[in-house]
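Each reported figure results from applying straightforward, stated rules to the coordinates on display, with no laboratory input. The structure presented is a predicted model; accordingly, all values stated were derived computationally and were not measured. Cβ placement follows ideal geometry from the backbone for every residue including glycine, while neighbour counts extend to all protein chains displayed.
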Amino acid sequence: MVGAGLSGAVIGRRLAEQGHKITVMDGRPHIGGNCHTERDTETGVLVHLYGPHIFHTDDEEVWAYVNRFATFRPYKNRVKTTTRGAVYSLPINLHTINQFFGQTLRPEEARRFIEAKADTTISDPQTFEEQALRFVGRDLYEAFFQGYTIKQWGCSPTELPASILKRLPVRFNYDDNYFFHRFQGMPEEGYTAMIARILDHPNITVHLEATVTRDRAAAFDHVFYSGPIDGWFDFRLGRLGYRTLDFERFSHKGDWQGCAVMNYGDVDVPWTRITEHKHFAPWESHDGSVLYREYSRACGPDDIPYYPIRQVAEKSLLAEYVALARAEENVTFTGRLGTYRYLDMDVTIREALDCAAAYLRAVGDGGAM
Ligand code: FAD
Ligand code: UDP
């Protein structure tokens, strides 16, 4: 198993339970991949080291799975954003609309008000910008999305697909929950503790600071690879584009911003958001506070790949790597990096469970979940 993130852990566990001997290797000094959480040494606060992670899903089986390995506390993601000198609620909801336009609209009035602002000449939005202009209009787009998106993706929203914005709801009521999903929560002791329990099986051995190359993998019957697909082939066709993130840590006594995540919509503020980690665990009590300012930039060869860019050029390069991957024997490419897609944790787990089941079926080992 290459990678001790959710993909590697979940597949490894399923196969281990079926009697297979599993070796999990990860180049980093810790398990958990990008979901990794650890205690900040100065404040004792549980920190999401690679960016804020909130668990949300509609998949009952996945929800049951994570609850097998961790105690989940109720947690709703309520994001704020600072733009043009004021603080607003996200995702765009009735409060945001009324505050931004100085109105006291009720739901149906707000819907009509926003429809009147929307650019209805756009019938089938293709780009991020078209999607925003079509559904919220220019004023809200410029205040909340344009600057943030330029910082996050390093390009104009006219060059990005509409699908990126479709991830965010617009609500004509006061519901400020960032997600729609039925099941939402936070593992009480963090994601790394949960993943440690998933990996805790007599048939699983974990090796850290162990980067796996294609040559080294030949020693195993089968490899499940959750690293970057282009990296497996030594980038021989070129590099798939990613955005990476830099986190600038600072600490504070007390409560610095009053919420877990504060976005910054103005393009001249260089960071995209600030995360105050102790608000992810309101059941804990800490005098001190630790915060991460988050900056996004193009991913270099030595940086951690975070967000796949997936523009036209990347998609055709990906198709070439996928063709190479299909020709590879005894290797399954999985997870966020192995398939070069943005995957939420619940989808990662769902795909990992399905991947393990397919493998077990293929080797005639049952595979019933
Ligand atoms: P990863 O977590 O990336 O794990 C891959 C592992 O493989 C890494 O540990 C890496 O070190 C290792 N590896 C790679 N190559 C090699 C190699 N050659 N040899 C050895 N080891 C190797 N999802 C949500 O559901 N909710 C959220 O709120 C959320 N927030 C996010 C915020 C950010 C900033 C990001 C980037 C993602 C977020 N996600 C969120 C998505 C979540 O991080 C992923 O779903 C999850 O990490 C995918 O797990 P994975 O195992 O596929 O990949
Ligand atoms: N976005 C924005 N302003 C915000 C939050 C999000 O413009 O305050 C855009 C941004 O382009 C982001 C996309 O909406 O990539 C999807 O938002 P999400 O919260 O899903 O961001 P991600 O998970 O990509 O960080």
Of all DSSP beta bridges located in the chain, what percent are antiparallel, nearest 5?
75 percent
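Just to confirm a number: summing +1 for Lys and Arg and -1 for Asp and Glu over residues other than Thr121 whose beta-carbon lies under 14 angstrom from that of Thr121, what do you get?
Values: positive: Lys117, Arg134, Arg138; negative: Glu115, Asp119, Asp124, Glu129, Glu130.
It works out to a net charge of -2.
Going by a ≥ b ≥ c, the root eigenvalues of the Cα gyration tensor, does the range 80-166 fall in the rounded group (a/c under 1.5), the prolate group (a/b larger than b/c) or the oblate group?
Details: a/c = 2.44, a/b = 1.25, b/c = 1.94.
It comes out oblate by the Cα gyration axes.
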Given the C-alpha centroids of the range 138-163 and the range 106-120, what is the distance between them in whole angstrom?
21 Å
Protection proxy ranking of 47-58, 168-179 - average other beta-carbon atoms within 10 Å, highest first:
47-58, 168-179
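May I ask you to compute the full-extension gain from Asn173 to Lys253, defined as 0.36 nm times their residue separation minus their alpha-carbon distance, rounded to one decimal in nm? Intermediate results must be reported in sequence, preceding the final value.
Numbers: separation 80, 0.36 × 80 = 28.80 nm, distance 3.53 nm.
Stretched fully, the Asn173-Lys253 segment lengthens by 25.3 nm.
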Going highest first, how would you order 80-87, 11-18 by mean Cβ packing within 10 Å?
11-18, 80-87
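Work out the length of the dipole vector of the range 80-166 about its Cα centre, built from +1 on the beta-carbon of each Lys and Arg and -1 on the beta-carbon of each Asp and Glu, and round it to the nearest 20 debye.
That gives a dipole near 320 debye.
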Give, rounded to the nearest 20 debye, the magnitude of the charge dipole that the range 99-149 has about its Cα centre when Lys and Arg contribute +1 at Cβ and Asp and Glu contribute -1 at Cβ.
180 debye
Given Leu165, Gly227, Leu337, which one lies farthest toward the positive end of the charge dipole of the chain, if we put +1 on the Cβ of every Lys and Arg and -1 on the Cβ of every Asp and Glu?
Leu165
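Of Tyr225, Tyr306, Tyr342, how do they rank once you tally other Cβ atoms within 10 Å and put the fewest first? Could you put the intermediate results ahead of the total?
Details: Tyr225 25, Tyr306 17, Tyr342 13.
The fewest-first ordering by Cβ neighbours comes to Tyr342, Tyr306, Tyr225.
State whether the range 222-369 is rounded, prolate or oblate according to the following rule on the C-alpha gyration tensor (a ≥ b ≥ c being the square roots of its eigenvalues): a/c under 1.5 gives rounded; otherwise a/b larger than b/c gives prolate, and the remaining case gives oblate.
On the way: a/c = 3.21, a/b = 1.61, b/c = 1.99.
It is oblate, given that a/c is not under 1.5 and a/b is not larger than b/c.
Once the other residues with Cβ under 12 Å from the Cβ of Ile54 are scored (Lys, Arg +1; Asp, Glu -1), what is the net sum?
+1
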So what's the back-of-envelope 222 nm ellipticity for the chain, counting only DSSP H runs of four-plus at -39500 (n - 2.57) apiece and dividing by all residues, rounded to 500?
-9000 deg cm²/dmol
Per principal axis, largest first, the Cα atoms of the chain extend in Å by 65, 49, 38
Lys/Arg +1, Asp/Glu -1 at C-beta; the chain dipole; positive extreme among Cys35, Ala70, Val267
Val267
Angle between the Cα long axis of helix 6-17 and the longest principal axis of the chain, 0 to 90 degrees, nearest 10?
40 degrees
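Count charges around Glu209 for me, please; just the other residues with Cβ under 10 Å from its Cβ, Lys/Arg as +1, Asp/Glu as -1.
Result for the local shell: 0.
Based on Cβ point charges of +1 for Lys and Arg and -1 for Asp and Glu, what charge dipole magnitude is obtained for the chain about its Cα centre, in debye rounded to the nearest 20? Mind showing how you got there, number by number?
Details: 41 positive and 49 negative charges, 74 e Å.
Once rounded to the nearest 20, the dipole reads 360 debye.
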In whole angstrom, note down how far apart the Cα centers of the range 257-302 and the range 47-83 are.
16 Å
